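*Asks:* Dumping the structure here so I can ask a few things about it.
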Amino acid sequence: MTKHALPLNQQFCFAIYSLNSAMGRLYRPVLAEFGLTYPQYLVLLALWERDNQTVGELGKALSLETNTLTPLLKRMEVASLVQRRRCVQDERRVEVTLTEKGKHLEGRAHDIGLCVTRAVDRDDTDIAALRDQISNLTERLRAAVSSP
C-alpha cells in the first residue's frame, strides 16, 4: 500500500504560506497610499524602533540576506526614505539612517498595523497571543535548522 502525503489544504507549511500571501494582499492597498511595499514597511518599522543600523543589523532583524536587502535599501534611498553611508570606522559596513521624510512617515503610518486587527475582527490580546505562538514556532524552527 502506497502512503500518500497529506492533501495540500492539510499541510502546515501551506497554511503558513497562505497566511503570508493573504497578509501581503491585505497590506498592499494600505501601504500603496504611502508609496511603500511590504518589505519597505518592515525596514521602516525596524528603523523607527532604532535608527542608524548597519545593513547587517537590519538583515538580522528582518531575517533578510544582504543581497536581498541592499536593492531594497537602494530603492528606499531613491525615494528619500533612508540614507546609506559607509561606516567611518569600518568602510566594509554600511549604515542606514532615516531621512526627514522617513521619520515624518512614522506619524502618518502609525495605524497601518491595525488593518489586521480590523480584518480578522479580533482584539489586540488575541492577535498578540497568536503573534507570540508564531514567534515561538519560528524560533523553534530556526533552532532545528541550526542544530547538527
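*Asks:* For Arg93, state whether it is over 18 Å from Leu31 (Cβ atoms) and assigned by TED's automatic domain parsing to the domain that holds Arg28.
*Replies:* Details: over 18 Å from Leu31 (Cβ atoms): yes; assigned by TED's automatic domain parsing to the domain that holds Arg28: yes.
Taking the combined requirement at face value, the residue satisfies it.
*Asks:* So, one more: For segment 35-80, how many residues are assigned to a loop (DSSP other than H, G, I, E, B) and farther than 14 Å from Glu95 by Cα?
*Replies:* 8
*Asks:* In addition: List every residue pair whose Cβ atoms lie under 7 Å apart, where the two residues are 6 or more positions apart in sequence or sit on different chains, the first residue falls within segment 1-15 and is within 20 Å of Leu137 (Cα to Cα), and the second residue, located anywhere, is not basic (Lys, Arg).
*Replies:* So the pair list comes out as Phe14/Leu8.
*Asks:* Further question: Just one of Val55, Val96 is over 27 Å from Cys115 (Cβ atoms) and of a type in the set (A, V, I, L, M, F, W, C); which is it?
*Replies:* Numbers: Val96 fails: over 27 Å from Cys115 (Cβ atoms).
Selected residue: Val55, the only one of Val55, Val96 that is over 27 Å from Cys115 (Cβ atoms) and of a type in the set (A, V, I, L, M, F, W, C).
*Asks:* Consider Asn20 against the criteria (1) modelled with pLDDT under 95; (2) surrounded by fewer than 14 Cβ atoms within 10 Å (Cβ to Cβ); (3) of a type outside the set (Asp, Glu); (4) over 13 Å from the mean Cα position of the chain (by Cα): it satisfies all of them except one. Which criterion is unmet?
*Replies:* All conditions are met except number (4).
*Asks:* May I ask you to say which residue of Arg84, Arg108, Arg122, Arg93 is touching a helix residue (DSSP H, G or I) at 6+ places or on another chain (Cβ under 9 Å), basic (Lys, Arg) and under 18 Å from Pro39 (Cα atoms)?
*Replies:* Exactly one of Arg84, Arg108, Arg122, Arg93 is touching a helix residue (DSSP H, G or I) at 6+ places or on another chain (Cβ under 9 Å), basic (Lys, Arg) and under 18 Å from Pro39 (Cα atoms), namely Arg84.
*Asks:* Do any residues in segment 32-55 that are in the same structural domain as Leu98 (by TED's automatic domain parsing) and in contact (Cβ under 8 Å) with a residue 12 or more places away in the chain have Cβ atoms under 7 Å from those of residues that are assigned to a helix (DSSP H, G or I) and among the polar types (S, T, N, Q), where the two are at least six apart or on different chains, and which pairs are they?
*Replies:* Final answer for the pair search is Val55/Thr66; Val55/Thr70.
Conditions (1) closer than 21 Å to Leu62 by Cβ; (2) at pLDDT below 90; (3) outside the structural domain of Leu47 (by TED's automatic domain parsing), marked per residue:
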{"site": "Lys103", "(1), (2), (3)": "yes, no, no"}
{"site": "Thr117", "(1), (2), (3)": "no, yes, yes"}
{"site": "Gln133", "(1), (2), (3)": "yes, no, yes"}
{"site": "Asn136", "(1), (2), (3)": "yes, no, yes"}
{"site": "Glu139", "(1), (2), (3)": "yes, no, yes"}
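*Asks:* Here is a further query. Being in contact (Cβ under 8 Å) with a residue 40 or more places away in the chain and in a helix (DSSP H, G or I) is the filter; apply it to segment 105-124 and report the residue that is surrounded by the most Cβ atoms within 10 Å (Cβ to Cβ).
*Replies:* If we take residues in segment 105-124 being in contact (Cβ under 8 Å) with a residue 40 or more places away in the chain and in a helix (DSSP H, G or I), then Leu105 is surrounded by the most Cβ atoms within 10 Å (Cβ to Cβ).
*Asks:* Can you pull out the residues in segment 5-17 that are in a helix (DSSP H, G or I) and surrounded by 10 or more Cβ atoms within 10 Å (Cβ to Cβ)?
*Replies:* Once the filter is applied, which keeps residues that are in a helix (DSSP H, G or I) and surrounded by 10 or more Cβ atoms within 10 Å (Cβ to Cβ), segment 5-17 yields Leu8, Phe14, Ala15, Ile16, Tyr17.
*Asks:* Oh, and also: Whether any residue in segment 81-104 is of a type in the set (A, V, I, L, M), surrounded by 13 or more Cβ atoms within 10 Å (Cβ to Cβ) and in contact (Cβ under 8 Å) with a residue 60 or more places away in the chain is what I want to check. If you could, list the steps in order and put the result at the bottom.
*Replies:* The initial filter retains those residues of segment 81-104 that are of a type in the set (A, V, I, L, M), namely 81-82, 88, 94, 96, 98.
From what's left, surrounded by 13 or more Cβ atoms within 10 Å (Cβ to Cβ): 81-82, 94, 96, 98.
Imposing the further condition that a residue be in contact (Cβ under 8 Å) with a residue 60 or more places away in the chain reduces the set to none.
No: zero hits.
*Asks:* Next question, about the same structure. Within the bounds of segment 12-26, is there any residue that is within 25 Å of Arg85 (Cα to Cα) and assigned by TED's automatic domain parsing to the domain that holds Thr68?
*Replies:* no
The values are calculated or read from the model by the stated rules, or taken from the named source; none is laboratory data. Every value quoted in this text rests on a predicted model; they were computed, and no experiment measured them. Don't worry about glycine lacking a Cβ; one is built from the backbone with ideal geometry, like all the others, and counts go over all protein chains shown.
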